[in-house]
Amino acid sequence: MKDIRLVDLMEVKALQKIQDEFSKYTGLASLMTDENGIPVTKGSGFSGFCMDLVRTTKLGCSRCEECDKNGAVLTLKNKRATVYNCHAGLTDFAAPIMLEGKMIGSCIGGQVRTEDVDEEKMAQIAKELGIDPDTFIEAAKKTRCMDKEDVERAAIFLEGLAASLSEIICIKVSLLASICMMLPSVKTSPVVRS
(Lines give C-alpha, C1' and ligand atoms only; values in the text may rest on other atoms or scores of the structure.)
Protein backbone atom coordinates (compact mmCIF):
# COMPACT_ATOMS: atom_id res chain seq x y z
CA MET A 1 0.00 0.00 0.00
CA LYS A 2 2.94 2.35 0.40
CA ASP A 3 3.07 3.16 -3.32
CA ILE A 4 -0.62 4.01 -3.71
CA ARG A 5 -1.44 7.65 -4.26
CA LEU A 6 -4.72 9.49 -3.91
CA VAL A 7 -4.91 10.05 -7.67
CA ASP A 8 -4.53 6.28 -8.23
CA LEU A 9 -7.75 5.73 -6.29
CA MET A 10 -9.91 8.70 -7.22
CA GLU A 11 -10.11 10.51 -10.54
CA VAL A 12 -8.86 14.09 -10.28
CA LYS A 13 -12.03 15.17 -12.08
CA ALA A 14 -14.19 13.70 -9.28
CA LEU A 15 -12.01 15.25 -6.56
CA GLN A 16 -12.20 18.61 -8.35
CA LYS A 17 -16.01 18.47 -8.53
CA ILE A 18 -16.35 17.65 -4.83
CA GLN A 19 -13.94 20.43 -3.94
CA ASP A 20 -15.62 22.96 -6.24
CA GLU A 21 -19.01 22.24 -4.68
CA PHE A 22 -17.59 22.59 -1.14
CA SER A 23 -16.14 25.96 -2.10
CA LYS A 24 -19.39 27.14 -3.72
CA TYR A 25 -21.45 26.04 -0.73
CA THR A 26 -19.21 27.55 1.95
CA GLY A 27 -17.74 30.49 0.03
CA LEU A 28 -14.30 29.38 1.17
CA ALA A 29 -11.18 28.45 -0.73
CA SER A 30 -10.56 24.74 -1.10
CA LEU A 31 -7.81 22.46 -2.37
CA MET A 32 -6.95 18.77 -2.30
CA THR A 33 -3.36 17.68 -1.94
CA ASP A 34 -1.33 14.51 -1.95
CA GLU A 35 0.32 13.24 1.22
CA ASN A 36 3.19 15.72 0.71
CA GLY A 37 0.98 18.81 0.50
CA ILE A 38 1.35 19.06 -3.28
CA PRO A 39 -1.95 20.06 -4.95
CA VAL A 40 -3.71 17.35 -6.96
CA THR A 41 -6.59 19.66 -7.88
CA LYS A 42 -6.81 23.27 -9.01
CA GLY A 43 -7.71 25.65 -6.20
CA SER A 44 -11.39 26.52 -5.87
CA GLY A 45 -12.53 29.91 -4.62
CA PHE A 46 -8.98 31.11 -3.96
CA SER A 47 -8.63 34.69 -2.81
CA GLY A 48 -6.76 37.19 -4.96
CA PHE A 49 -4.38 37.61 -2.05
CA CYS A 50 -3.31 33.97 -2.24
CA MET A 51 -3.60 33.30 -5.96
CA ASP A 52 -2.38 36.59 -7.40
CA LEU A 53 0.28 37.42 -4.82
CA VAL A 54 1.47 34.75 -2.39
CA ARG A 55 1.40 31.71 -4.67
CA THR A 56 3.01 33.59 -7.57
CA THR A 57 6.36 33.65 -5.78
CA LYS A 58 8.49 30.52 -5.53
CA LEU A 59 8.98 30.99 -1.77
CA GLY A 60 5.30 31.78 -1.20
CA CYS A 61 4.13 28.72 -3.13
CA SER A 62 6.62 26.51 -1.30
CA ARG A 63 5.45 27.86 2.06
CA CYS A 64 1.81 27.30 1.07
CA GLU A 65 2.50 23.66 0.20
CA GLU A 66 4.35 23.20 3.50
CA CYS A 67 1.44 24.77 5.42
CA ASP A 68 -1.02 22.50 3.59
CA LYS A 69 1.00 19.44 4.53
CA ASN A 70 1.54 20.55 8.14
CA GLY A 71 -2.15 21.28 8.50
CA ALA A 72 -3.09 17.78 7.39
CA VAL A 73 -0.42 16.24 9.65
CA LEU A 74 -1.77 18.24 12.61
CA THR A 75 -5.24 16.98 11.79
CA LEU A 76 -4.00 13.41 11.66
CA LYS A 77 -2.21 13.85 15.00
CA ASN A 78 -5.25 15.47 16.64
CA LYS A 79 -7.63 12.91 15.10
CA ARG A 80 -9.98 15.71 14.07
CA ALA A 81 -10.19 18.69 11.75
CA THR A 82 -7.58 21.28 12.66
CA VAL A 83 -7.75 25.03 12.21
CA TYR A 84 -4.39 26.76 11.89
CA ASN A 85 -2.79 29.98 10.70
CA CYS A 86 -0.90 29.87 7.44
CA HIS A 87 2.47 31.48 6.85
CA ALA A 88 0.83 34.48 5.16
CA GLY A 89 -1.36 35.34 8.14
CA LEU A 90 -4.66 33.77 7.08
CA THR A 91 -6.66 31.01 8.74
CA ASP A 92 -6.92 27.60 7.09
CA PHE A 93 -8.13 24.17 8.13
CA ALA A 94 -7.37 20.65 7.00
CA ALA A 95 -8.67 17.11 7.15
CA PRO A 96 -6.72 14.02 6.09
CA ILE A 97 -7.82 11.49 3.50
CA MET A 98 -6.82 8.11 4.91
CA LEU A 99 -6.23 4.57 3.69
CA GLU A 100 -5.46 1.83 6.21
CA GLY A 101 -4.13 4.28 8.80
CA LYS A 102 -1.94 6.16 6.31
CA MET A 103 -2.60 9.67 5.08
CA ILE A 104 -2.72 9.61 1.27
CA GLY A 105 -4.01 13.15 0.83
CA SER A 106 -5.80 16.00 2.47
CA CYS A 107 -8.68 18.39 2.03
CA ILE A 108 -7.73 21.99 2.76
CA GLY A 109 -10.07 24.94 3.23
CA GLY A 110 -9.98 28.52 4.38
CA GLN A 111 -8.02 31.56 3.21
CA VAL A 112 -9.90 33.79 5.62
CA ARG A 113 -9.07 36.14 8.46
CA THR A 114 -10.51 35.88 11.95
CA GLU A 115 -9.17 39.27 13.03
CA ASP A 116 -8.00 42.59 11.65
CA VAL A 117 -4.88 42.69 9.49
CA ASP A 118 -1.64 43.24 11.42
CA GLU A 119 -0.03 45.64 8.95
CA GLU A 120 3.44 45.42 10.49
CA LYS A 121 3.44 41.63 10.32
CA MET A 122 2.06 41.66 6.77
CA ALA A 123 4.72 44.14 5.61
CA GLN A 124 7.41 41.79 6.95
CA ILE A 125 5.90 38.78 5.17
CA ALA A 126 5.63 40.78 1.93
CA LYS A 127 9.33 41.70 2.11
CA GLU A 128 10.29 38.05 2.67
CA LEU A 129 8.27 37.04 -0.39
CA GLY A 130 9.54 39.91 -2.53
CA ILE A 131 6.10 41.52 -2.86
CA ASP A 132 5.33 45.22 -2.54
CA PRO A 133 4.18 45.64 1.12
CA ASP A 134 1.42 48.18 0.34
CA THR A 135 -0.08 45.93 -2.36
CA PHE A 136 0.19 42.93 -0.01
CA ILE A 137 -1.50 44.70 2.90
CA GLU A 138 -4.35 46.03 0.74
CA ALA A 139 -4.97 42.58 -0.71
CA ALA A 140 -4.93 41.04 2.78
CA LYS A 141 -7.58 43.53 3.90
CA LYS A 142 -9.84 42.34 1.06
CA THR A 143 -9.81 38.73 2.27
CA ARG A 144 -12.96 37.49 3.92
CA CYS A 145 -13.18 37.92 7.70
CA MET A 146 -15.12 35.23 9.63
CA ASP A 147 -15.92 34.42 13.24
CA LYS A 148 -13.72 31.66 14.63
CA GLU A 149 -16.84 29.59 15.37
CA ASP A 150 -17.89 29.70 11.71
CA VAL A 151 -14.40 28.61 10.65
CA GLU A 152 -14.63 25.69 13.12
CA ARG A 153 -18.00 24.64 11.67
CA ALA A 154 -16.60 24.72 8.13
CA ALA A 155 -13.63 22.63 9.29
CA ILE A 156 -15.96 20.02 10.79
CA PHE A 157 -17.92 19.91 7.53
CA LEU A 158 -14.70 19.37 5.57
CA GLU A 159 -13.67 16.68 8.05
CA GLY A 160 -16.87 14.78 7.26
CA LEU A 161 -16.19 15.14 3.56
CA ALA A 162 -12.62 13.80 3.95
CA ALA A 163 -13.89 10.90 6.08
CA SER A 164 -16.42 10.01 3.38
CA LEU A 165 -13.71 10.07 0.70
CA SER A 166 -11.54 7.86 2.92
CA GLU A 167 -14.39 5.38 3.32
CA ILE A 168 -15.05 5.27 -0.43
CA ILE A 169 -11.35 4.69 -1.11
CA CYS A 170 -11.15 1.94 1.52
CA ILE A 171 -14.15 0.15 0.01
CA LYS A 172 -12.67 0.47 -3.47
CA VAL A 173 -9.33 -1.02 -2.38
CA SER A 174 -11.12 -3.85 -0.57
CA LEU A 175 -13.21 -4.66 -3.66
CA LEU A 176 -10.15 -4.59 -5.89
CA ALA A 177 -8.31 -6.94 -3.53
CA SER A 178 -11.28 -9.33 -3.58
CA ILE A 179 -11.42 -9.29 -7.36
CA CYS A 180 -7.69 -9.98 -7.61
CA MET A 181 -8.03 -12.92 -5.19
CA MET A 182 -10.89 -14.40 -7.24
CA LEU A 183 -9.02 -13.93 -10.50
CA PRO A 184 -5.37 -14.63 -9.63
CA SER A 185 -4.41 -15.03 -13.26
CA VAL A 186 -5.42 -11.46 -14.07
CA LYS A 187 -2.44 -9.13 -14.08
CA THR A 188 -3.49 -5.76 -12.71
CA SER A 189 -1.83 -2.54 -11.74
CA PRO A 190 -1.77 -1.76 -7.98
CA VAL A 191 -5.10 -0.02 -8.43
CA VAL A 192 -7.77 0.38 -11.06
CA ARG A 193 -9.11 3.91 -11.53
CA SER A 194 -12.79 4.50 -11.00
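The values are calculated or read from the model by the stated rules, or taken from the named source; none is laboratory data. A quick note: this is a predicted structure, and the numbers were derived from the prediction, not measured. Quick reminder, even Gly has a Cβ in these numbers, built from the backbone with ideal geometry, and neighbours come from all protein chains shown. Accessible surface areas use protein heavy atoms only, side chains included; no ligands, DNA or RNA. Shrake-Rupley method; radii C 1.70, N 1.55, O 1.52, S 1.80 Å.
A few comments on the model shown:
- Of the DSSP H helices in the chain, those whose Cα atoms cover at least 27 Å axially and whose Kyte score averages -1.0 or more: 58-78, 148-182
- Computed from point charges on the beta carbon alone (+1 for Lys and Arg, -1 for Asp and Glu), the dipole magnitude for the chain about its Cα centre is near 800 Debye.
- Here region 27-142 is treated as a sphere whose radius is the Kirkwood value from Cα pairs; by Stokes-Einstein at 20 °C and 1.002 mPa s it diffuses with a coefficient of 150 µm²/s.
- Charge-dipole axis of the chain as Lys and Arg at +1 and Asp and Glu at -1 on Cβ define it, positive-most pick from Ala139, Thr33, Cys50: Thr33
- Estimated dipole of region 1-78 in Debye, rounded to 20 [Cβ of Lys and Arg +1, of Asp and Glu -1, Cα centre]: 120 debye
- Among beta bridges that DSSP assigns inside the chain, antiparallel share in %, nearest 5: 95 percent
- Normalising the average separation of contacting C-alpha pairs (under 8 angstrom, six or more residues apart) by the number of residues puts the relative contact order of region 1-84 at 21 percent.
- In the context of the full set of protein chains, residues of region 48-163 present 50 Å² of accessible surface per residue (probe radius 1.4 Å, heavy atoms only).
- Ranking Met122, Leu74, Gly160 by how far each Cα lies toward the positive end of the dipole of the chain (charges on Cβ) leaves Gly160 at the top.
- Over every Cα atom in region 74-142, the radius of gyration and the widest Cα-Cα span, Dmax, amount to 15.2, 47 Å.
- Kirkwood hydrodynamic radius over Cα pairs of region 1-75, then Stokes diffusion coefficient at 10 °C and 1.306 mPa s, in µm²/s: 121 µm²/s
- Among the GluC sites (Glu not before Pro) within region 1-45, those in coil by DSSP and having at most 15 neighbouring Cβ atoms inside 10 Å are Glu11.
- Remark: relative contact order (region 43-194) = 22 percent; criterion is Cα-Cα distance under 8 angstrom and separation of 6 or more residues.
- Here is the list for region 1-65: trypsin sites (Lys or Arg not before Pro) lying in DSSP coil, each with at most 10 other C-beta atoms within 10 angstrom of its C-beta, are Lys2.
- If you look at the Cα atoms of the chain, you get an Rg and a Dmax of 18.3, 65 Å.
- Gained length - Leu176 relative to Arg5, 0.36 nm times residue gap less alpha-carbon distance: 60.0 nm
- In this simple spin-label approximation, Arg153 and Thr56 carry label points 7 Å from Cα along the Cα→Cβ vector, and these lie 3.5 nm apart.
- For region 95-153, GluC sites (Glu not before Pro) meeting the loop criterion (DSSP other than H, G, I, E, B) and having at most 15 other Cβ atoms within 10 Å: Glu100, Glu115.
- Across region 69-119, C-alpha contacts under 8 Å between residues 6 or more apart give a mean separation that, scaled by the residue count, equals a relative contact order of 31 percent.
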